[in-house]
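Structure first, then comments.
Please treat every number below as a calculation from the coordinates, not as lab data. Keep in mind that what you see is a predicted model, and the values were worked out from it rather than measured. A quick note on method: Cβ atoms are made from the backbone with ideal geometry, for glycine too, and the neighbour counts reach across all protein chains shown.
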Amino acid sequence: MALALKQMLSALTKMQVDLIINDNRSSMISVLERNRKYVRVSVHRMFLTSSNSVIIALADLLRNKRGREHNRVLRNFIDQSSIEYDSKHTLDKTKLISKGDFFDLEKLYEKVNREYFNSELNLSITWFGKKNRIPRTQITFGLYQDSFKLVKINRLLDQKETPSLFIEYIIYHEMLHEVYRPETNIRGYRRIHTATFREKEKEFLHYHDAKTWESSFKKVIFK
Ligand SMILES: [Zn+2]
């Protein structure tokens, strides 16, 4: 289905299209790269079952076409499909794993929730990934799946050497996504890390220590 969508978008835009399908509700459509003849875009899985009019609107957006009609079509589609998508996908909490070898995510989550959010957020948390899988060029420390209200932390961090404050910082960052929602500008681009988000992120008490540890960790694994 992804291939069919890619081919339709290529035909409509007359561009070479690299299509990435994501499950992340905070980036329904992200144009990652674009020039006159080429576009790389990541779209949510729900676009795989969209109608022709939605695909045409998506092509218009990829071509950077002026006018608001395609934005309206896309917005409506996203709103309607999100409701259906949420009702079909409920979170199986028995599959969540909070206890690691060195850190218990649930405890850290509760601490961050208490210290920064007045214990008002009601999210789930789990480890994801494999402990020994060292990525080559990029690492995703954490994710937030807003359809499930689920924070996911990379199991790679469950090591004796990881400072607790760093995991807390990643949890804090992901929790902020629940509070500071993505913003869509008039061209239909969704910004996930808005200026407000970045400001709030710096309110983490050990922000600079966390950032310093992050860059030294990356230097070691991407050497
Ligand atoms: Zn983020």
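Placing R0 at 45 angstrom, the Cβ-Cβ distance between Phe117 and Phe222 gives a FRET efficiency of 0.90 after rounding to 0.05. Taken over the chain, the alpha-carbon convex hull comes to 148 cubic angstrom per residue.
Relative to the longest principal axis of the Cα atoms of the chain, the long axis of helix 164-179 lies at roughly 40 degrees. Paramagnetic label reach from Arg198 (point 7 Å along Cα→Cβ; backbone nitrogen cut-off under 17 Å): within the stretch 130-163, no residues. Modelled this way, with points 7 Å down the Cα-to-C-beta line, the labels at Leu48 and Arg66 are 3.7 nm from one another. Backbone amide hydrogens, once placed in the peptide plane, bring Ser26 within less than 5 Å of Asp146, excluding anything fewer than 5 places away on its chain. A cut-off of 5 Å between modelled amide H atoms, ignoring neighbours fewer than 5 places along the same chain, links Gly142 with Asn154.
Here the chain is assigned +1 on the Cβ of each Lys and Arg and -1 on the Cβ of each Asp and Glu. Its dipole about the Cα centre then comes out at about 1160 debye.
Per-residue 3J(HN,Hα) values for the stretch 131-139, derived from phi via the Karplus relation 6.51 cos²θ - 1.76 cosθ + 1.60 with θ = phi - 60°, read 4, 9, 8, 8, x, 8, 10, 8, 10 Hz in sequence order (x marks Gly and Pro). Karplus-derived 3J(HN,Hα) values for the stretch 94-109, using 6.51 cos²θ - 1.76 cosθ + 1.60 with θ = phi - 60°, are 5, 8, 7, 10, 9, 7, x, 6, 10, 10, 9, 4, 4, 5, 5, 4 Hz; glycine and proline are entered as x.
Between Lys37 and Ala2, the modelled labels are 2.5 nm apart [label points 7 Å from Cα along Cα→Cβ]. In the chain, the calculated helix contribution to ellipticity at 222 nm averages -13500 deg cm²/dmol per residue, counting -39,500 (n - 2.57) for every DSSP H run with n ≥ 4. Phi angles across the stretch 9-24 convert, under the Karplus curve 6.51 cos²θ - 1.76 cosθ + 1.60 with θ = phi - 60°, into 3J(HN,Hα) values of 5, 4, 5, 6, 8, 6, 10, 7, 10, 9, 10, 10, 9, 10, 10, 9 Hz, Gly and Pro given as x.
For the pair Ile97 and Glu183, the difference between a 0.36 nm per residue extended length and the Cα-Cα distance amounts to 27.9 nm. By how many degrees, 0 to 90 and rounded to 10, does the Cα axis of helix 207-221 deviate from the longest principal axis of the chain? Taking Cα atoms only, the helix is inclined about 80 degrees. The packing ranking of peptides 216-222, 154-160, highest mean first, is 154-160, 216-222, where packing means the average number of other beta carbon atoms within 10 angstrom of each residue. Each part reduced to its alpha carbon centroid, the stretch 86-132 and the stretch 1-32 end up 31 Å apart.
Across every direction, the projection of the convex hull enclosing the Cα atoms of the stretch 2-88 has a mean area of 5.2 nm².
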